[in-house]
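Since every read-out is calculated from the coordinates, none of them should be taken as a lab result. Given the structure is predicted, the values throughout are model-derived calculations rather than measurements. FYI the Cβ positions are ideal-geometry reconstructions off the backbone, even for glycines, and counts take in every protein chain you see.
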Amino acid sequence: GAWDMFRAYRDMREANYVGADKYFHARGNYDAAFFFSGGAWAARVISDAREKWQSDVSGRGAEDTRADQEANEWGRNGGDPNRYRPAGLPSRY
């Protein structure tokens, strides 16, 4: 599960595509939760820790954290990550 989360994060950084953040959140959580035993737990722990750090340190704010957590939960619960996919994001992602 942790590898799936890292891979989504790496792809997000590589893509550097405006508006794609929530897609990569949902995709990382989806992949972690549905491809490996214990992945949903790992995805929740990693997502919660990242969002806590982000809200405490980065100053992005409660609204961004709430939207990120919504995308995280959507993916973890089996929702299609493409719900958050922005138009024009290269198909390799």
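Quick one: net charge around ALA67, please, counting Lys, Arg +1 and Asp, Glu -1 for every other residue with C-beta under 9 Å from its C-beta. Can you show the working numbers first?
Working: positive: LYS22, ARG66; negative: ASP21, GLU63, ASP64, ASP68, GLU70.
Taking every other residue near ALA67 into account, the sum is -3.
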- Message: Just to be sure I understand, if you calculate Rg and Dmax of the Cα atoms in Å for this structure, which of [x] 12.6, 36; [y] 12.2, 34; [z] 13.4, 41 do you get?
- Response: [y]
- For the stretch 80-89, Karplus couplings with θ = phi - 60° (6.51, -1.76, 1.60), whole Hz, Gly/Pro x: 5, x, 5, 4, 9, 6, x, 4, x, 5
